[in-house]
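Notes to accompany the following structure.
The values are calculated or read from the model by the stated rules, or taken from the named source; none is laboratory data. These numbers were taken from a predicted model, which means no experiment stands behind them. Methodologically, a virtual Cβ is constructed for each residue, glycine included, from the backbone with ideal geometry; neighbour enumeration extends over all protein chains shown.
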Amino acid sequence: MTNHGSYSLGQFTVNRMGYGAMQLAGPGVYGPPRDPAECLSVLREAVASGVNHIDTSDFYGPEVTNKLIREALSPYPQGLVLVTKVGARRGSDASWIMTPEPAELVEQVHGNLRNLGVEALDIVNLRIGHAFSTDKTSLAERFGALLDLQQQGKIRHIGLSNVTADQIAEACAIGEVACVQNAYNLVQRSDDALIDALAVQGIPYVPFFPLGGFSPLQSAALDALAARLGASPMQLALAWLLYRAPNVLLIPGTSSRLHLRENLAAAKITLGPEELAALDAIGAPPPA
């Protein structure tokens, strides 16, 4: 599937091109999918194509994507790593409500265990901030609640999501951090220094919204380069991320098998120094 190899994720080794389940839920990541059968087919084809890292959460739907994953893939194949996250819930109006209370995090872990149908969660990411903003408060109490569950055998590894460098350092002083999941893509690159620092530590960095999220990437330069290389602009944006650093793990999401195949094919795109420089320039800040 990929010519970019694999990377360690906690005690596991995963292919660097994974899959994110968020888009399996309904519009706005709320409610059931438009085509449940296609969603099940997407999950099965992803795994059959070599994906062994699936990112999900009970707050997608809520409870929609985890139940689809269980229906499609359980009993889970050996080597498949399921990564979920806690720290938020959905309101009845589809709003996103942050849940910093340790008791709520514990309850959410048990919900993920139940809906995925597993006795232990491979990795649980502690979500701190909203998707487009960071919460710079201490995460010690929240991280400690997950450490307790790890000691009970309910969680194998703990990751962090939507965090600052200071919060990562705080967590690392308390326990092991398996991965960091922040917003990052070709044009949203505020984590450049963080990715490089984590690479030195051997900590995987998992960019969410790798294609821009709810506001897809738009760039005339990206379109032109993609046309020249015979790829789609989104494939090129994913390929750039794989070249960005060896610790970058991708989890592009889709509810379509056709789109899944396009995403996975991005791992086979070869970029030379000229193409990489052109892509780097798209996201570079303008000179002062």
| region 17-72, residues that are of a type in the set (S, T, N, Q) and either touching a residue at least 60 places away in the same chain (Cβ under 8 Å) or within 27 Å of A237 (Cα to Cα) (or both) | Q23, S41, S49, N52, T56, S57, T65
| request: Could you please let me know if V81 is surrounded by fewer than 24 Cβ atoms within 10 Å (Cβ to Cβ), over 16 Å from G117 (Cβ atoms) and within 16 Å of the chain's Cα centre (by Cα)? | output: no
| For region 248-288, how many residues meet the condition of being of a type in the set (D, E), more than 15 Å from S219 (Cβ to Cβ) and surrounded by 13 or more Cβ atoms within 10 Å (Cβ to Cβ)? | 1
| query | Which condition number does N263 fail, the rest of (1) touching a strand residue (DSSP E or B) at 6+ places or on another chain (Cβ under 8 Å); (2) free of Cβ contacts under 8 Å to residues at least 40 places away in the same chain being met? | reply | (2)
| task | Any chance you could count how many residues in region 248-273 are in a helix (DSSP H, G or I) and more than 27 Å from A197 (Cβ to Cβ)? | result | 10
| message | For region 125-161, which positions are under 27 Å from F209 (Cβ atoms), at pLDDT 95 or above and polar (S, T, N, Q)? | response | N125, S138, S161
